[in-house]
Each structure stands twice: as structure tokens, then as C-alpha cells.
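Visitor: Have a look at this one before I ask anything.
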Amino acid sequence: MAVNCLVGPDEGATAETIGGKAAALGRLSRAGFPIPAWFALTPDGFWASLPDDAARAFRDAADWSQARAALDAIAIPAALATQIQERLKSLAAARVAVRSSAIDEDSRGHSFAGQLESYLGVAPEEVAARIADVWRSAVTERVLAYRKEHGLPLTPHPPGVLVQAMIEADAAGVGFSADPVGGARSVRIVSAVRGLGTALVSGEAEADTWRVSREGVILDCAIAVKTLEHRMDPAAGHSVTARIVSGAAASAPALRSEDVIAVARLAERAERHFGVPQDIEWAVREGKAYLLQSRPITTLGGLADPDGERVIWDNSNIVESYGGITTPLTFSFARRAYEEVYREFCRLMGVPRGRVERNRRTFRAMLGLIRGRVYYNLTNWYRVLALLPGFQANRRFMEQMMGVKEPLPESVAAELAGAGRLQRLGDAMLLMRTLGGLVLNHITLERRIRAFYRRLESALAEPPESLAAMRLDELVIHYRDLERRLLAWWDAPLVNDFFAMIFYGALRKLAQRWCGDAGGTLQNDLLCGEGGMISAEPAQRVRNLAGLAARDPALVALLAAAAPDVVRARLDAYPEFRTELDAYIAKFGDRCLEELKLESASLRDDPTTLLRAIASFAQRAEQGRSDDGGPSIERRLRADAESRVATALTKNPAKRAIFRWVLRHARDRVRDRENLRFERTRLFGRCRAIFVEIGKRLYALGRLDDPRDVFYLETEEALGFVEATATATDLASMARIRKTEFARYPAMDAPAERFETTGAVHQGNAFRASRPATEAPAGDHLVGTGACPGAVRGRARVIHDPRTARIEQGEILVARYTDPGWIMLFPACAGLLVERGSMLSHSAIVAREMAIPAIVGLAGVTSWVETGDLVDMDGASGIVRIVERQAAKAQSAAV
């Protein structure tokens, strides 16, 4: 057995035979690195050195103490000792280092640094004894604890042993091809002490540290006072001794600048060789750098690269559309839609095609999926906005529209604005072209909207054959037709959104500057009661359906408790109600909770929430506001606001004319924005229905485990299976992997509402708030953004899931955010308090249309107020106060 125990650098042994450390040195030696001569003993040498009885005891040991006791019998046989001496001669070294080389040591996940013994300056005649000591050091309580901590197998395993010629170093230390603490992949770290590196490893001496760029430039250094060094001293009783360093020598750098660069290059070269960042040990002797050891840096896995691209993420407004966990199908569908429509939007606005193409990566990444949740890549949204004139003003309008609480950092804003300004100043014609595009699109917008509606109605017309009857390839063809006609040509809604942002922002600014509106709410009153907004229609229809149902208590009971199929089967007895219900679902069947998620069940699929809402309203003695109550409130708010403007501008006809022009366009654009968003709902509803059918076909073909597993594919994977453009066809396996991953997300900490990342987003970034988290709201009042004026006192009703929620007439609805599916709760509430949202979010617009006092942007309100608390709210000032705590009231009653 002893014949095959020794391995040299050129013999190609692997980590499985000589351990990770020796195997790495073998690769480096064969690649021409400056490695001191060495050889290694495989674990076979261990077994050859252990008597049979002791070997059996070691293998059968019940615990590590028994295994350690068995090693007392180790004795290297004479034949192996002779071979070792022969190998020592080939090293041509007076002294050697004897180190462990465990099978799983120096791996990418586990370095075992400092766990096993190493011996330096060993005389040839002592090598055999030190080898035995290294073997014994592999079976200690320290190593056992390390293995437990890192989840490694606990079975004792003998290590390989590395024997290497000692370098009588002038300086030594460690080097890193990346910053192991800060995470910067482009920075090399060099730490050095005088003499041998043992002074650094033991902690007896402070080290000099340099940071070196990947270009080989020393970025900075910290020179320590080194009052001690380790040197070889054969005359002493041991070969390494500590020496005192004093005077100027103690403060002098351990390395010359050229030596620092050489060590940094050595670490960098080792990284290139192994393909992963390396932690090296090195020694410099007479100006030559030697590589003593190289292993992967194990700390980088949890670190982001601080020098990587900085991205700001925010879900302020998009949470209305994509709240909570969103499936891969929906995200891939939405990401592609955002990419295509905003590319087309910039072209429509006159941005040159070449500039649009140069920003292809920006358009592709306007959304991100972080732990299953959709976020705006705000950095890229600002980049897109910077392609258009007026970036500095428009970015603030965009922040208002999106409900972004924190403005863009000025350093980033200056960078984006500066880049855009330099580009435009370089070609004045391009600037004029872009400005011309803005003017032209504003002039033609109404015509463009009418054309969009015609195209939409044509594309969404009922196909000749129902989706349920289509073949798989026909479903894909139908989807591609929608993609061609609408998804890539969503011009009118995008242009209208842009001008809604501009005119709303301009209206707010003029109201503050010209009309003295310090509270910043006058523009909201002016937008009340515009009419013609489709978002308010579902609530009115629900009220009408409730009125019809209230005529018959049996129908109300049926709607309140029965399953939808049972309700449908019995509606023949109520033809008027059935006709109105069918009309509602025909028009608003896709307007449901989380309606932009393809995985959401629409009212066509499950009308339970609609039926329960109708029953809830019908069961109340009072059906909410009277038919003329809402409009009269809206007209009063609007008239009062217009009177304020007229008074403020009565002496300035020019300003009055400008204000009226801005107001008219703001009203039109906000109204059309909400109406066009409903058309988006219709399109998404058709796409949802297509993919539901695709899922059924793939399940029938045995390509999915369940029809709804289609939502765990990306759009191009599902479509590409049919079109032969997908790179993998095992759809079931892909869906299983993603379902497993997505199932973990609800139990993980949700990312913050706003955070920053650097470098690779999913590498080492914690997704925590960019700024320190503020304390939870306290005290008796909270301030948000007034979205619709009106002072109200009522009991709070905190609602997290509107599917099962019930709100009593006159209660104040409190929610983290709302989407169009919440509209059925609005008619009963006396006020609306929303944690998220902006002045142009759905909840704010619909509240103004229905004259429901509303406050948005109330950070932490759902944890601050509890159901039953009596609160006062003022939709003008944005202030909400707790008048009486429900808990205190209950406690008082109990006493």
C-alpha cells in the first residue's frame, strides 16, 4: 500500500486522492505558477501507518473521542519513511512545511482555515513525526465543531498531507483577488508582515494592507507599526522564532510597491486559472513572489459588489396592479409589454430610432421580479424619461404620478440630466425633433385615442371559434395576433399617460403658485365630478343589482351563501336580475381583484365576490348614498374650487386663460387615463383566457402536471413549445422547479417597498430599505396626501383581503393598497385611508369621481389603526386622527 502513497506536482492527483490544498497546488504548478517544490501523501499513507486493530477501531468508532484514541497507535512504516526521505532530497530544502490537505479542505464552500495543524521549518528527520501529528489533528473537537457548523459529514476522514520546501521569506502574508469584506470584485487586497506569514496568522503582528485596482494601481494603503516578526532560526530549539522590530524598521512598509503589485497580480492570475476569486498565501524572497497556497474566497457568496451598477427599486404604484407574489407567466408577459410599449412611446415622441436602440437594455429592464414580487426599476424609468425634453421637471411629475415617496438622489439626477443635455446640445436638430414629437402627439392625441379604440374593438372581437374549441397552435396564433395588433402598439394609453403626468403636475404647480394653495389639494377639487369615468360604473351597477335583489329575501339569501353554479341554476326565476347580472359580467367580467395577474380568477371564472357584494348591499336597510347625493357633493367641491381660482386670477386674464387651458387638458387626460386602463384590463383578460386554454392543452398532452402549472412557465416557453423557438421542452420539470422556489417566497422576508442594489441583483443584496426604517406610527394622528376632500368621522374597518371582507355603511375603509377589484366596497364606505398610492393611483381617482373623502400615502396606517377605532379624517389636509381606540372602549366597558 505504501508504494502509491506519495504524489508529486506532475502526477495529476485529484482532490479526492490528495485533498483540496495539494490538488490546487498541483494544478498551479503544472500551469507554471511560482510554487515552492512539494510532494503530498495520500490518505493511503495514513492507513498504511495504522495497525489493523487500530484501523478497525478507527472505522468503528462510535464518537470522535474513540477515533482519536485509535490514532495513538500511528507509526509510519520503515518503507514509507524511506520513500519520504527520498522525496525530501528532491525538494533540495533545508527546512520544509508540513500541512494538512483534507479531502474537503479549501473547497469553494469550506476552507477549513486554521482547523488542522501545520508545521513550519521542519527538519528532514522530523518530517515523519509531523506527518503523524497532522493526521491526529484531523480528529479533534475543533474540527468536529467546524463540520457540524457547516453541515458536513461527521465521519472522521484522514487528510492528505502536503510537504513543501520552506521559503525564508523577507515578507509574507495573504492576498485576495476580490475584497472579501466589502465584496468589490475589481479590488485586490494584499496584507503583509515582515518575515514569515505565521506572525499574521497567529495574530501576533499587525499587517500592512494595500488595495489594488484591477488595472494594477495601488488605491490606498494602511501601514501598521510592526514590532514583531517571525524568522527561521535553526539555532534555537525550534525553527521559527519571534523577533522584536524597533525604530524606523517597525514603521516601514513590509513590501515595496512593485512587490505589492506582483502579489496582486498573482492573486488575479490564480482567480483566472480557477475561475473563482482566490484567497492566496504568498511569500517574497529577494524580490520574487512565491505562491504557497490558493483557495476560493468563501465569503463572497453573501456579498453584493459595491462597485457594480446601482439600481433603485420601488413598488409604490405598481403594487396596485401586481400585489404580493406574481407568477413567472404574468411577470414575463408584463415585462415584455412594458418593453415594447415604452420603446414605441419614445419613437412616437420623436426620440431618434438609433437612440432608442442604444437604450435597448434600459427598455428591457423597466420591471424586476424580486422574491416573486414585481418592482419598478426606477433607475431605468428615469433613464427613459431623460430621453425626452424637460427631464428635471418631468421627473418630479413622474414621481407624483407613481407615488414615489423619495425623490431621485440628486447625484443620479445630475448624471442622467447631464448625459441627456450633452447629447441634445450636440445636435440641436434632434432636440427640435423631440419637441416637435411632443407637440404633434398632443395635437393628435384625441384622434389617436379614437383610432386605438377602433383597433382594440377589432382585435378583441369574439373569434370565429371559441377559445375552448381551438387547437393548441390556433391559441398561439390568436395570441400572436393580439401581440402584433395591441401589445406592441399601445400608443394612445402611453401618450395619454405622459400628458396626464405633465398636465396634472403643471396644474398642481399653478394652483400653488398662482392661487396660493399651500396645502396642495386644490387641483384635486378641480378634478372632481368630471363624469364619463368607467371606473365608477361598477359600483353604481352593484347598487342597482342590490336594489333588484332586495325585492326578494330568498334571492338575497341565495346570493349571500350559495355557490355560483347553484345561483346560476336558480336565476331563471329572476329574469330582470339575471339580465342585469349577465350584462355586468359581460362588460366587467375581467375587472377583478389583482386583475392584471394572469393567474387571477376573473368574475367570468368565479363571480363569488360579486354575488356576495350584491347580497351585502341588499341586506342593508340603507343602500348607501342616494342617487343624487354623490354628484351633488362632487359638483359642490368642483364649484368651490373653481370659485377660488376665479377669485385668485380675476385681475390677470392671461394667467386665467393659461390656467383654464391646463385644467381642461388635465381633466381630459386623467379621465382618459382611467378609462384606457380599463381597456388594458380587457386585453389582459383575453390573454388570461388564452393561456388558461393553453395550460389545459399542455396538460392533456402530458406536458404539465396540472393545467394551472402554465402560470409557472414564461410566455415564450409556453408559446415556443408550439413554435419550436423554446430551448427546452420539458415543461413539467421547469414548472415544478419554479413552483418549489415560489412556494418559499411567502415565508421569506418581503423586500422593502424601496431599496437599492449593486451589481448582480440576486447576489448578496439584502433588499432592505435604502434608508433606515422609520419607527411605526405612534400618537393620535397621521399625515398623508389628501386625494379627495371631505371631513368625516367614522369607525375604521381595516381590510387586507377584500374577497371575504364586509364593510358596514358609514365605516372608513383602511387598506394597504387597492386595485379595481375593491370598487364593490367603495359605495358603503364614508372615507378611504390607503397606505400606498399616489394622486393618480386608481384609489385616488375613483374616490374623487365618487366624492369619497380619501387620503393616500399614509405610511403604516394599517398597523397604526385597528378595526373599530373611531377616527376623524380630512381628505383636504391629509390628516387622520384617532378619536377613540376600540381596545380602550372595550376595556372601559368591561370595568
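Visitor: With respect to R27, is the statement that it is assigned to a helix (DSSP H, G or I), out of contact with any strand residue (DSSP E or B) (no Cβ under 8 Å at 6 or more places or on another chain), of a type outside the set (D, E) and at pLDDT 90 or above true?
Guide: Working: assigned to a helix (DSSP H, G or I): yes; out of contact with any strand residue (DSSP E or B) (no Cβ under 8 Å at 6 or more places or on another chain): yes; of a type outside the set (D, E): yes; at pLDDT 90 or above: yes.
Answer is yes for this residue.
Visitor: Another one. Residues that are within 30 Å of R677 (Cα to Cα), open to solvent by 20 Å² or more (accessible area, probe 1.4 Å) and modelled with pLDDT of 90 or more, at least 1 per element: which helices (runs of 4 or more DSSP H) completely within the stretch 532-606 meet that? It would help to see each step written out before you state the result.
Guide: On the way: elements: 537-549, 553-561, 564-570, 575-588.
Those helices (runs of 4 or more DSSP H) span 537-549, 564-570, 575-588.
Visitor: Which pairs do you get when a residue that is of a type outside the set (D, E, K, R), found in the stretch 688-703, comes within reach of a residue that is open to solvent by 50 Å² or more (accessible area, probe 1.4 Å) and assigned to a helix (DSSP H, G or I), reach meaning Cβ atoms under 7 angstrom, with the pair 6+ apart or on two chains?
Guide: G695/R708
Visitor: Among (1) among the aliphatic types (A, V, I, L, M); (2) open to solvent by 10 Å² or more (accessible area, probe 1.4 Å); (3) touching a strand residue (DSSP E or B) at 6+ places or on another chain (Cβ under 7 Å), which single condition is M850 missing?
Guide: (3)
Visitor: Another question about this same structure. Just need a number here: residues in the stretch 460-476 that are at pLDDT 95 or above, open to solvent by less than 30 Å² (accessible area, probe 1.4 Å) and part of a loop (DSSP other than H, G, I, E, B).
Guide: Number of matching residues: 1.
Visitor: Sticking with this structure for a sec: Can you work out which of the residues in the stretch 346-365 that are among the hydrophobic types (A, V, I, L, M, F, W, C) and over 29 Å from V856 (Cα atoms) is most open to solvent (accessible area, probe 1.4 Å)? Full working, then the answer.
Guide: Of the stretch 346-365, the ones among the hydrophobic types (A, V, I, L, M, F, W, C) are 346, 348-349, 351, 356, 363, 365.
Right, trim to over 29 Å from V856 (Cα atoms) and you get 346, 348-349, 351, 356, 363.
Working: C346: 0, L348: 35, M349: 0, V351: 3, V356: 0, F363: 1 Å².
Across the stretch 346-365, the extreme among qualifying residues is L348.
Visitor: Here is a check on your reading of the model: is G324 over 19 Å from A752 (Cβ atoms) and open to solvent by 20 Å² or more (accessible area, probe 1.4 Å)?
Guide: No; evaluated as a whole, the condition is false for this residue.
Visitor: I would also like to ask the following. Do any residues in the stretch 325-345 that are more than 13 Å from E599 (Cα to Cα) and in contact (Cβ under 8 Å) with a residue 60 or more places away in the chain have Cβ atoms under 7 Å from those of residues that are in a helix (DSSP H, G or I) and among the polar types (S, T, N, Q), where the two are at least six apart or on different chains, and which pairs are they?
Guide: R336/T715
Visitor: Give all pairs with beta carbons closer than 6 Å in which a residue from the stretch 237-252 that is farther than 11 Å from V225 by Cβ and in a loop (DSSP other than H, G, I, E, B) meets a residue that is among the aromatic types (F, W, Y) and modelled with pLDDT of 85 or more; count only pairs at least 6 apart in sequence or on separate chains.
Guide: none
Visitor: May I ask you to say which residue of T729, T725 is open to solvent by 40 Å² or more (accessible area, probe 1.4 Å), under 17 Å from F333 (Cα atoms) and not in a helix (DSSP H, G or I)? Full working, then the answer.
Guide: Numbers: T729 fails: under 17 Å from F333 (Cα atoms).
Only one candidate passes the filter, namely T725.
Visitor: I'd like to check something: does the stretch 379-387 contain any residue that is in contact with an Asp or Glu (Cβ under 8 Å, 6 or more places away or on another chain), open to solvent by less than 10 Å² (accessible area, probe 1.4 Å) and not charged (D, E, K, R)? Walk me through how you get there before you give the answer.
Guide: Applying the first criterion (in contact with an Asp or Glu (Cβ under 8 Å, 6 or more places away or on another chain)) to the stretch 379-387 yields none.
Scanning the stretch 379-387, I find no residue that is in contact with an Asp or Glu (Cβ under 8 Å, 6 or more places away or on another chain), open to solvent by less than 10 Å² (accessible area, probe 1.4 Å) and not charged (D, E, K, R), so the answer is no.
Visitor: Of the residues G203, G195, only one is without any contact (Cβ under 8 Å) to a residue 40 or more places away in the chain, open to solvent by less than 70 Å² (accessible area, probe 1.4 Å) and not charged (D, E, K, R); which?
Guide: Numbers: G195 fails: without any contact (Cβ under 8 Å) to a residue 40 or more places away in the chain.
Checking each option against the conditions leaves just G203.
Visitor: Next question, about the same structure. Among the residues of the stretch 34-60, which ones are in a loop (DSSP other than H, G, I, E, B), surrounded by fewer than 18 Cβ atoms within 10 Å (Cβ to Cβ) and touching a residue at least 12 places away in the same chain (Cβ under 8 Å)?
Guide: Our first condition is that a residue be in a loop (DSSP other than H, G, I, E, B); within the stretch 34-60, this holds for 34-37, 42, 49-51, 60.
Checking which are surrounded by fewer than 18 Cβ atoms within 10 Å (Cβ to Cβ) leaves us with 34, 37, 51, 60.
Within the stretch 34-60, P34, A37, P51 meet the criteria.
Visitor: Being under 18 Å from R768 (Cα atoms), β-branched (V, I, T) and in contact (Cβ under 8 Å) with a residue 40 or more places away in the chain, is that true of even one residue in the stretch 291-314?
Guide: Checked the stretch 291-314: at least one residue is under 18 Å from R768 (Cα atoms), β-branched (V, I, T) and in contact (Cβ under 8 Å) with a residue 40 or more places away in the chain.
Visitor: Quick one: is I799 open to solvent by less than 10 Å² (accessible area, probe 1.4 Å), among the aliphatic types (A, V, I, L, M), in contact with a strand residue (DSSP E or B) (Cβ under 7 Å, 6 or more places away or on another chain) and free of Cβ contacts under 8 Å to residues at least 40 places away in the same chain? Break it down into steps so the answer makes sense when it comes.
Guide: On the way: open to solvent by less than 10 Å² (accessible area, probe 1.4 Å): yes; among the aliphatic types (A, V, I, L, M): yes; in contact with a strand residue (DSSP E or B) (Cβ under 7 Å, 6 or more places away or on another chain): yes; free of Cβ contacts under 8 Å to residues at least 40 places away in the same chain: yes.
It is true that I799 is open to solvent by less than 10 Å² (accessible area, probe 1.4 Å), among the aliphatic types (A, V, I, L, M), in contact with a strand residue (DSSP E or B) (Cβ under 7 Å, 6 or more places away or on another chain) and free of Cβ contacts under 8 Å to residues at least 40 places away in the same chain.
Visitor: Can you tell me which residues in the stretch 93-138 are open to solvent by 30 Å² or more (accessible area, probe 1.4 Å), among the hydroxyl-bearing types (S, T, Y) and modelled with pLDDT of 55 or more?
Guide: S118, Y119
Visitor: Sticking with this structure for a sec: Please pick out the residue among E716, E693 that is open to solvent by 10 Å² or more (accessible area, probe 1.4 Å), closer than 19 Å to L369 by Cβ, of a type outside the set (S, T, Y) and assigned to a helix (DSSP H, G or I). Outline the logic, then answer.
Guide: Numbers: E693 fails: closer than 19 Å to L369 by Cβ.
That would be E716, the only listed residue that is open to solvent by 10 Å² or more (accessible area, probe 1.4 Å), closer than 19 Å to L369 by Cβ, of a type outside the set (S, T, Y) and assigned to a helix (DSSP H, G or I).
The values are calculated or read from the model by the stated rules, or taken from the named source; none is laboratory data. Because the structure is predicted, anything quoted here is derived from the model rather than measured. Quick reminder, even Gly has a Cβ in these numbers, built from the backbone with ideal geometry, and neighbours come from all protein chains shown. Calculation scope for accessible area: heavy atoms of the full protein, side chains included, ligands and nucleic acids excluded. Shrake-Rupley method; radii C 1.70, N 1.55, O 1.52, S 1.80 Å.
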